[in-house]
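Here is the structure we will look at, set down as structure tokens.
The values are calculated or read from the model by the stated rules, or taken from the named source; none is laboratory data. The model shown is predicted, which means the values in this text are computed figures rather than measured ones. We place every Cβ from the backbone using ideal geometry, glycine too, and count neighbours over all the protein chains shown. Surface accessibility is based on the protein's heavy atoms, side chains included, excluding ligands, DNA and RNA. Shrake-Rupley method; radii C 1.70, N 1.55, O 1.52, S 1.80 Å.
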Amino acid sequence: MKNVDDLIASAAELADRGLSKGEIADELNVSRETASWLVERSGTAAEPEPAEEPDGPHDIHVDWNAIGSGGARLTYVGRALADLLTESDGPAEVTVGIEKAGVPLATVVSRELETSLGSYAPAKHQWDEGDIDDISGGFSRNFAPVEGRECFIVDDTVTSGTTLKETIEAIRAEGGVPLACVVIVDKQGVEEIDGVPVHSLINVVRVGEQ
């Protein structure tokens, strides 16, 4: 995707398919606020109106389709994420992928580090309107449990840090111990969340006024 108009069109397509705004945010790697703005701008019409840049939220879109669409490339990036974790954090027993994009990355990390594989669906996937605090996420029973186990957390992008924070809290609530988080791109430049270090392959830094 090259510009905001492309994002608006993509948001309209995803909304027409029945995805919640939280799922749209996840698919487009933008914040929930940006996803809401894109859907509202589109009106879910086939031909969205051109976006006026000053009216939009301050956010950065990350398109890593070139990685995700190639198994070999995804494996290489997953290995790089695993390498980041081995440099500064102790061994984990479970690698938890945050659905959706974090799970294939976590699969590679899990294989490289020889851990079990867990999967967490964040609350934002159910969020459309209203208070997201009234919604809860959950761990998939089709993957490894986190109870009493030390865990790595894998996602594709840090937008606000909310999803990583939620996952950390969920692991602790289950009796697990989150050791570290790792992502491809960090749009906030965070070094830790709730005492858990965050590693990234790429940090995005805003320079000057928005």
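Odds and ends about this structure:
- Derived scalar couplings ³J(HN,Hα) [the range 58-71; Karplus, 6.51 cos²θ - 1.76 cosθ + 1.60; whole Hz; x for Gly, Pro]: 8, 8, 10, 8, 10, 10, 10, 4, 4, 7, x, 8, x, x
- Treating r as the C-beta distance of Asp194 and Arg141 and R0 as 30 Å, the FRET efficiency rounds to 0.75.
- Additional length obtainable on full extension of the chain from Glu114 to Ser160, 0.36 nm per residue less Cα span: 13.6 nm
- Take His61: with every protein chain present and a 1.4 Å probe, its accessible area is about 50 Å².
- Shape category assigned to the range 155-204 from the gyration tensor of Cα positions, a/c cut at 1.5: prolate
- Karplus-derived 3J(HN,Hα), 6.51/-1.76/1.60, for each residue of the range 89-102, Hz, glycine and proline x: 10, x, x, 10, 9, 9, 9, 9, x, 8, 5, 9, 5, x
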